[in-house]
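Student: A single structure is presented below for examination.
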Amino acid sequence: MNVDFEALARAWVEGSPRSRELVRSDPERADRLVLRLARALEERRRQESAGLDERGDLVIQVDRSRFVPGVGLDEEALDEVTRYIEEVARGNAD
């Protein structure tokens, strides 16, 4: 599954109390911030993916429809992620 880093970055910027005013007052600057953030997230994913198997990282993909602007993950998605992490942790502890 490909991640839409731009949509994720836009939701992040628009949902952040610290950047909401920037979005309202200077939309062009906010768009530049979104693009820079999206590129940084994509680069981070590329770097993380290079060593994923040898480190045994856990990557959880969440559909962007589960993100609520200004809130983050919807409550049900957050519960699902939490349960999954707990299951993995119990499985790794055995």
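The values are calculated or read from the model by the stated rules, or taken from the named source; none is laboratory data. Given the structure is predicted, the values throughout are model-derived calculations rather than measurements. Glycine also receives a Cβ, built like all others from the backbone with ideal geometry; neighbour counts cover every protein chain displayed. To get the accessible areas, we keep the full protein, side chains included, count just its heavy atoms, and leave off ligands, DNA and RNA. Shrake-Rupley method; radii C 1.70, N 1.55, O 1.52, S 1.80 Å.
Student: To the nearest µm²/s, what D does Stokes-Einstein give for the chain at 10 °C and 1.306 mPa s, using the Kirkwood radius over alpha carbon pairs as Rh?
Tutor: Values: Rh = 15.2 Å.
This corresponds to a translational diffusion coefficient of 105 µm²/s.
Student: Another question about this same structure. What FRET efficiency comes out for the pair R66/D26, r = Cβ-Cβ distance, R0 = 30 Å, nearest 0.05? Provide the component values of the computation, followed by the final result.
Tutor: On the way: r = 29 Å, r/R0 = 0.97.
With a Förster radius of 30 Å, E is 0.55.
Student: Please compute the per residue accessible area over the chain with all protein chains in place, 1.4 Å probe, rounded to a whole number of Å².
Tutor: Working: 7430 Å² over 94 residues.
Per residue, the chain has 79 Å² of solvent-accessible surface.
Student: Moving on. Tally up the carbon and sulfur contribution to the accessible surface of the chain as a whole percent, 1.4 Å probe, everything protein left in place. Working shown, then result.
Tutor: On the way: 3600 of 7430 Å².
Here carbon and sulfur together make up 48 percent of the probe-accessible area.
Student: Collect residues whose amide H, placed 1.01 Å from N in the peptide plane, falls under 5 Å from the amide H of V68; neighbours closer than 5 in sequence don't count.
Tutor: Here L73, D74 satisfy the definition.
Student: Another question, if that's okay. What are the ³J(HN,Hα) values, in whole Hz, obtained from phi via the Karplus relation 6.51 cos²θ - 1.76 cosθ + 1.60 with θ = phi - 60°, for each residue of region 14-27 in sequence order, with x given for Gly and Pro?
Tutor: Here the 3J(HN,Hα) series is 5, x, 7, x, 6, 10, 4, 5, 4, 4, 6, 7, 9, x Hz.
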